[in-house]
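Structure, as structure tokens:
Please treat every number below as a calculation from the coordinates, not as lab data. The structure displayed is predicted, hence computed values, not measured ones. Positions of Cβ are backbone-derived with ideal geometry, glycine not excepted, and every protein chain shown enters the neighbour counts.
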């Protein structure tokens with residue numbers, strides 16, 4: 001858990017303390033106070049009141065010094081006597097970006113209102129009803145984020161609300177600017193001084209249920225009166241413009257206390273708890289004299305680890321009762337032990353965000369996120385699809401290359417097959433022609449065999465269908481018979497020619513091939 005700095009804006013004074021929490025409890029690392037002029041009114045530079053003069057490091061306990069150091073402040077800045085300069089000087093050895101701030105406010109920065117209307121389980125509905133009630137009673141409208149409430153002793157609720165800007169928050173913003181930061185320091189919540197004190201006392205001091213108790217906090221310029229019934233808050237009195245710097249007699253306290261008792265319906269005082277800047281014996285005796293039946297108790301803070309504080313700081317620890325009570329309330333709220341006042345206006349939380357958006361901007365962020373997610377998924381999907389297509393293209397190119405190799409091998413085979421078909425057709429044609437020629441020659445041979453006086457000397461082709469036959473014959477009649485033997489033959493001429501000692505005839509015969517000859 002990050003360390004916290006609780007600071008109480010009390011009139012013209014700021015009281016602050018640095019805390020951290022571990023398994024052993026809440027540790028106080030430092031207490032400091034500074035008197036300011038600009039917080040309450042404009043004027044000359046005020047005086048500096050440092051309760052912890054030993055501004056040592058924070059390395060003790062569980063709050064590590066690592067990362068806690070603020071950048072070095074120049075000598076000119078260290079001597080700055082402005083309000084912001086004083087605070088910066090006191091916190092110069094702390095890295096303020098590593099801590100959370102908790103402002104603690106009181107009247108007149110916060111206002112109180114008692115709500116006796118119907119409660120609601122839903123906190124937002126309850127705050128809306130309280131806002132409406134404040135408007136009806138006081139005539140002012142308060143935003144929900146400027147309101148918080150706690151239960152009073154009974155069914156009523158004590159409401160705390162903020163109307164205007166908060167000087168303490170503005171002072172923190174100025175401190176961030178002083179250190180050159182573009183964004184303000186972290187503010188976790190805003191506490192109410194009276195509620196925090198009431199919670200601390202009711203959680204650590206045990207009273208009888210019928211007891212009426214007064215918590216009186218005395219500051220330098222103001223005082224607070226808080227009344228309890230049993231362990232529950234009963235009434236918060238108006239802030240008194242009485243403190244250690246302007247009090248002359250304690251009798252003025254008692255008249256104010258009696259008036260607030262009448263306003264709050266307090267019949268008596270059984271216990272008086274003293275805290276703040278005045279726990280003197282004179283004050284204790286004065287209360288005993290005015291309320292002799294009351295038990296006067298100085299408020300102690302033994303539940304805090306104060307080992308890092310000096311002896312003087314431990315003796316003056318009651319002066320820091322408000323920031324200590326606020327820290328106690330904050331840490332115990334984290335553990336769900338009880339609830340206090342927590343106010344953090346939206347404009348403060350928004351100013352501390354890295355991105356400052358309204359609700360519609362957040363809606364656009366959601367739309368942009370969804371659109372970005374959609375297009376990212378689409379883009380990644382397209383990348384995957386593209387990668388798959390690239391793989392498919394590579395596969396198909398390889399397949400095309402292999403197919404081309406096969407085609408290259410097939411082409412010669414196709415040519416050979418084509419040539420084979422041509423050869424086959426030629427052979428088929430030749431086979432048919434050969435058969436016809438064979439039949440024709442066989443018929444001619446049979447004729448010549450029966451005629452011993454008839455010869456063929458040459459056989460030439462004029463065309464695919466016609467032949468020229470030349471030869472000799474000893475008988476002219478045989479030539480005529482041969483022409484008649486072949487119905488398609490035409491005898492061109494017959495010439496007489498002696499052949500050795502015998503009379504012979506030469507002949508020329510044109511004949512057509514008859515493809516219908518019997519085989």
ask   = Once the Cα gyration tensor of the stretch 446-488 is diagonalised, what are the square roots of 5 times its eigenvalues, in whole Å and ordered largest first, as equivalent ellipsoid semi-axes?
value = 19, 12, 9
task = Take peptides 243-255, 211-223, 227-239 and line them up by average Cβ neighbours within 10 Å, highest first, as a rough protection proxy.
result = 211-223, 227-239, 243-255
task = Based on other C-beta atoms within 10 Å, arrange 183, 451 from fewest to most.
result = 183, 451
request  = Based on other C-beta atoms within 10 Å, arrange 27, 502 from fewest to most.
outcome  = 502, 27
task = Note the per residue figure in Å³ for the convex hull of the C-alpha positions in the stretch 110-163.
result = 68
inquiry  = If I take every Cα pair under 8 Å that is 6 or more residues apart in the stretch 114-242, average their sequence separation and divide by the length, what percent do I get for the relative contact order?
reply    = 16
query = If each residue's Cβ is checked for other Cβ atoms within 10 Å, how do 420, 19 rank with the fewest at the top?
reply = 420, 19
key: Label-to-label distance, nm, for residues given as residue 416 and residue 397 (7 Å Cα→Cβ offset)   = 3.3
task = Compute the separation of the alpha-carbon centres of the stretch 238-302 and the stretch 369-401 and state it in Å as a whole number.
result = 82
